[in-house]
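Visitor: Here's a structure for you.
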Amino acid sequence: MALHFSKQEFEKRKLATLESMKEQNLDALLMFRQESMFWLTGYDTFGYVFFQTLILDQKGNIILLTRAPDLRQAQNTSNIEDIRIWVDKDQSNPTDDLKIVLNELNLKDKKIGVEYESYGMTGRNALRLNKSLEGYCEVEDQSELITKHRVVKSTEEIVYVKKAAELADQALDEAWKYAKAGASEAKILAEMQRVVLEGGGDYPANEYIIGSGHNALLCRYQSEKRILSDTDQLTIEWAGTYKHYHSAMFRTIPIGKADPKHIKMHEACLEALSNCAKTLIPGKTAGDVFDIHAKTFDDLGFNKSRMNACGYSLGTTFSPNWMDWPMLYIGNPYIIEPGNVFFMHMILMDSDNGLAMNLGETYLVTKNGNERLGKQKLDLVVL
């Protein structure tokens, strides 16, 4: 059994979840988020793209309802003992199988929480589930019940986050080594991913972002792979990933020479990141961090180039993206506390001049402030 945490850690998580369920007067919780299943039991799969749910009732019973390909996956990666299989067939409706389990647990006319905010909970699955449970029990959206526990990392989790940060640093070393005029973006990507995997890491929850020239202004992965020109700009966003825990970084690297505007944009990003780091402390809100981000860029004349969010929580996340709750945007009331891990990205995209500048780092919130997990320099590196 390939469990990544101690028995005591899993028991602590289960008790915390049961306590939250009690506070919400829930008789059971239906988990559809893969992150919740991994956190609570160690279950590691991408089978959540199909109908799959983990049931936890107030008595502490845990039952997984999934498909046959994930039977051994759950047996090998989790502490789940009761695994039920729904059968693939024409017109199959796994909510019928779920109803059988709920009846066994005597949950008729009880209150059940559901994780509706989940990539596995497609619109069709939600409609099926609602129809099946209509008149059977009281249903309540509890998409954030476990997420609110996951956002504060334990001592065991922080070990993995810091290892992920080491791998992210090593990936940047590879980028600096291979990024030069005439280099292929594909080669740079391959070497960055290679060093993470060879270091014991995992594939990230979403693709690394890489783009040069006009594509340096993009904040998402796309399939074009350019050869770097003599004078160019290269934007890369990546994460070290270890046991599914992420530590992300973001850079724009001028190739050949830096445009004077690049230098000013980098100075602004550096100042904004510094100000955000000073604000990312216990007691402040996620909105407070965004406010100083926006004020710094706006005061420096970059209002049109900045984004409307400046980061998000990181942890153990699964495809299609590594972004976790909560996000750093205007008015977000989430109160920052020790154990939070946030990726803060300072993004400037100047479409008028065709220039990009990005600077992003991952931080662990501590009792008295925070710790930048990456150890690489923040200087503008021109290659």
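The values are calculated or read from the model by the stated rules, or taken from the named source; none is laboratory data. Just so it is clear, the model here is predicted, and its values are computed rather than measured. All Cβ positions, glycine included, derive from the backbone under ideal geometry; neighbour counts span all protein chains shown.
Visitor: Conditions first: (1) under 25 Å from Asp173 (Cβ atoms); (2) assigned by TED's automatic domain parsing to the domain that holds His244; (3) over 19 Å from the mean Cα position of the chain (by Cα). Asn368 passes all but one, so which condition is the exception?
Guide: Condition (1) is where Asn368 drops out.
Visitor: I've got another one for you. Would you call Ser319 crowded, with 16+ Cβ neighbours inside 10 Å, in the same structural domain as Leu172 (by TED's automatic domain parsing) and among the polar types (S, T, N, Q)?
Guide: no
Visitor: Tally time: how many residues in the stretch 123-161 are in a helix (DSSP H, G or I), surrounded by 14 or more Cβ atoms within 10 Å (Cβ to Cβ) and small (Gly, Ala, Ser)?
Guide: 2
Visitor: Moving on to the next point. If Ala205 meets every condition in (1) farther than 28 Å from Phe297 by Cα; (2) assigned to a strand (DSSP E or B); (3) hydrophobic (A, V, I, L, M, F, W, C) apart from one, which number is that one?
Guide: Checking Ala205 against (1) farther than 28 Å from Phe297 by Cα; (2) assigned to a strand (DSSP E or B); (3) hydrophobic (A, V, I, L, M, F, W, C), the one that fails is (2).
Visitor: Mind listing just one residue for me: the one in the stretch 255-308 that is part of a helix (DSSP H, G or I) and among the polar types (S, T, N, Q) and, of those, farthest from Ser184 (Cα to Cα)?
Guide: The qualifying residue farthest from Ser184 (Cα to Cα) is Thr279.
Visitor: Could you give every pair whose Cβ atoms fall below 6 Å, whose first residue belongs to the stretch 331-355 and is over 17 Å from Asp298 (Cα atoms), and whose second residue is of a type in the set (Phe, Trp, Tyr) and surrounded by 14 or more Cβ atoms within 10 Å (Cβ to Cβ), counting only separations of at least 6 or pairs across chains?
Guide: Phe342/Tyr363
Visitor: Of all the residues that make up the stretch 162-202, how many are hydrophobic (A, V, I, L, M, F, W, C), surrounded by fewer than 18 Cβ atoms within 10 Å (Cβ to Cβ) and in a helix (DSSP H, G or I)?
Guide: Within the stretch 162-202, residues that are hydrophobic (A, V, I, L, M, F, W, C), surrounded by fewer than 18 Cβ atoms within 10 Å (Cβ to Cβ) and in a helix (DSSP H, G or I) number 4.
Visitor: Would you please name the residue that is surrounded by the most Cβ atoms within 10 Å (Cβ to Cβ), looking only at residues in the stretch 74-93 that are under 20 Å from Met121 (Cα atoms) and in contact (Cβ under 8 Å) with a residue 12 or more places away in the chain?
Guide: Only one residue tops the list, namely Ala74.
Visitor: Looking at the stretch 39-53, which of its residues are in contact (Cβ under 8 Å) with a residue 60 or more places away in the chain and out of contact with any strand residue (DSSP E or B) (no Cβ under 6 Å at 6 or more places or on another chain)?
Guide: Passing the criteria: Trp39, Leu40, Asp44, Phe46, Tyr48, Val49, Phe50, Phe51.
Visitor: If a residue counts only when it is β-branched (Val, Ile, Thr) and either touching a Cys at 6+ places or on another chain (Cβ under 8 Å) or within 20 Å of Ser143 (Cα to Cα) (or both), which strands (runs of 3 or more DSSP E) contained entirely in the stretch 7-113 have at least 3 such residues?
Guide: Counting at least 3 such residues, we get 62-66.
Visitor: Does Arg33 satisfy the condition of being among the charged types (D, E, K, R) and either surrounded by fewer than 19 Cβ atoms within 10 Å (Cβ to Cβ) or free of Cβ contacts under 8 Å to residues at least 40 places away in the same chain (or both)?
Guide: no
Visitor: Right, something else. Among the numbered criteria (1) surrounded by 17 or more Cβ atoms within 10 Å (Cβ to Cβ); (2) free of Cβ contacts under 8 Å to residues at least 24 places away in the same chain; (3) closer than 21 Å to Thr147 by Cβ, which single criterion is violated by Leu15?
Guide: Evaluating Leu15 over (1) surrounded by 17 or more Cβ atoms within 10 Å (Cβ to Cβ); (2) free of Cβ contacts under 8 Å to residues at least 24 places away in the same chain; (3) closer than 21 Å to Thr147 by Cβ leaves (1) as the failure.
Visitor: Can you tell me how many residues within the stretch 2-36 are of a type outside the set (Asp, Glu) and closer than 18 Å to Asp202 by Cα?
Guide: 5
Visitor: Restricting the search to the stretch 220-246, which residues are under 17 Å from Ala171 (Cβ atoms), in a strand (DSSP E or B) and in contact with an Asp or Glu (Cβ under 8 Å, 6 or more places away or on another chain)?
Guide: Leu234, Gly240, Thr241, Tyr242, Tyr245 - these are the residues of the stretch 220-246 that are under 17 Å from Ala171 (Cβ atoms), in a strand (DSSP E or B) and in contact with an Asp or Glu (Cβ under 8 Å, 6 or more places away or on another chain).
Visitor: Restricting to the stretch 349-361, and then to whatever is touching a His at 6+ places or on another chain (Cβ under 9 Å) and assigned to a strand (DSSP E or B), can you tell me which residue is nearest to Leu280 (Cα to Cα)?
Guide: Glu361
Visitor: Can you name the residue in the stretch 260-285 that is closer than 18 Å to Asn303 by Cβ and within 21 Å of the chain's Cα centre (by Cα) and is also surrounded by the most Cβ atoms within 10 Å (Cβ to Cβ) among such residues?
Guide: Among those residues, the one meeting the criterion is Cys276.
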